[in-house]
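Chemist: I'd like to ask some things about the structure below.
Values in this text are rule-based calculations from the coordinates and carry no lab data. Computed from a predicted structure; not experimentally measured. Virtual Cβ from ideal backbone geometry, glycine too; neighbours counted across all protein chains shown.
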Amino acid sequence: MTQPAIILVHGFWGGAAHWAKVIPELAKQGHTDLHAVEMPLTSLADDAGRLKKMIAQRHGPVLLVGHSYGGAVITEAGNEANVAGLVYIAAFAPDAGESPGGITQANPPAAVANIAPDSDGYLWVKPDKYRESFCHDLTAEEAFVMAVTQKAPVGSTFGDKIGKPAWKTKPSWYQISSQDRMINPENQKMMSARMNAKKVITLDASHASLASRPKEVTGLIVEAAKSVS
């Protein structure tokens, strides 16, 4: 049985280090072919292109795991031939012609007012609102570090639309965060239901479930990896 390589894909307002608690948990479960892509967050095309290059470096099956906007990236890049499955962690899973911004505007999350653009066109979570918006179930210190190190996307990226959604042809798994203030939980329920996911779990967690509930998130990833092996 060949285990897939696992590529972890971060979202807006964070980088690859947002997976810091999941990575050792996956290693404990015997997964050592692990990779966490660092994306520019300049456009969906740029981000999907970066991920495709990492996928191409792997010579066997790949399991893609996307958090937040990273879900849109794996949706766009996941049609590569060696992608065996997709795992969405409190993530966007747009359909063809949809964008993360369009889904958000149709059903705004609780913290939408705490996102503000700067004069260069980058979107930021207001630092003093970061914990309550993104990760209210982490410690104040952890949230402070996330707020200071947040990676802002170019605002226009939010409106970039999906071409061919990979979840229509690849097996998928989804984790809903019921206390999410960045992606409305109702949107997560809608997206996970229409993709006919192999398994959907709901955690009583913030948007940062990958940091606040790493064991449960890891469990879903491991289950997906076993299924596609």
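Chemist: Across region 188-204, what is the number of residues that are within 19 Å of residue 169 (Cβ to Cβ), among the polar types (S, T, N, Q) and assigned to a strand (DSSP E or B)?
Modeler: Residues flagged as within 19 Å of residue 169 (Cβ to Cβ), among the polar types (S, T, N, Q) and assigned to a strand (DSSP E or B) within region 188-204 amount to 0.
Chemist: Can you give me the number of residues within region 170-195 that are over 13 Å from residue 95 (Cα atoms) and without any contact (Cβ under 8 Å) to a residue 24 or more places away in the chain?
Modeler: 2
Chemist: Would you list the helices (runs of 4 or more DSSP H) that sit entirely within region 1-113 and hold 1 or more residues that are more than 28 Å from residue 124 (Cβ to Cβ)?
Modeler: 22-28, 44-57
Chemist: Counting only residues that are assigned to a helix (DSSP H, G or I), under 14 Å from residue 142 (Cα atoms) and of a type in the set (S, T, N, Q), how many does region 205-220 have?
Modeler: Residues in region 205-220 being assigned to a helix (DSSP H, G or I), under 14 Å from residue 142 (Cα atoms) and of a type in the set (S, T, N, Q): 2 in total.
Chemist: Determine whether region 76-96 contains at least one residue that is over 28 Å from residue 218 (Cβ atoms) and either buried (at least 24 other Cβ atoms within 10 Å of the Cβ) or small (Gly, Ala, Ser) (or both).
Modeler: So far as region 76-96 goes, yes, one or more of its residues are over 28 Å from residue 218 (Cβ atoms) and either buried (at least 24 other Cβ atoms within 10 Å of the Cβ) or small (Gly, Ala, Ser) (or both).
Chemist: Scan region 114-132 for residues that are touching a Phe, Trp or Tyr at 6+ places or on another chain (Cβ under 9 Å) and either under 16 Å from residue 184 (Cα atoms) or part of a strand (DSSP E or B) (or both) and report the count.
Modeler: Selection size over region 114-132: 7.
Chemist: Shifting gears a bit: All but one of (1) more than 18 Å from residue 98 (Cβ to Cβ); (2) out of contact with any strand residue (DSSP E or B) (no Cβ under 9 Å at 6 or more places or on another chain); (3) of a type in the set (D, E, K, R) hold for residue 168; state the number of the condition that does not hold.
Modeler: Residue 168 satisfies every listed condition except (1).
Chemist: Is it the case that region 52-70 has a residue that's farther than 22 Å from residue 228 by Cβ and without any contact (Cβ under 8 Å) to a residue 60 or more places away in the chain?
Modeler: The answer is no, given that none of the residues of region 52-70 is farther than 22 Å from residue 228 by Cβ and without any contact (Cβ under 8 Å) to a residue 60 or more places away in the chain.
Chemist: Another question about this same structure. Would you point out which residue out of 220, 138, 203 is within 17 Å of residue 6 (Cα to Cα) and surrounded by 15 or more Cβ atoms within 10 Å (Cβ to Cβ)?
Modeler: From the options 220, 138, 203, the qualifying one is 220.
Chemist: What number of residues within region 143-169 are out of contact with any Ser or Thr (no Cβ under 9 Å at 6 or more places or on another chain), in a helix (DSSP H, G or I), touching a residue at least 40 places away in the same chain (Cβ under 8 Å) and buried (at least 16 other Cβ atoms within 10 Å of the Cβ)?
Modeler: 1
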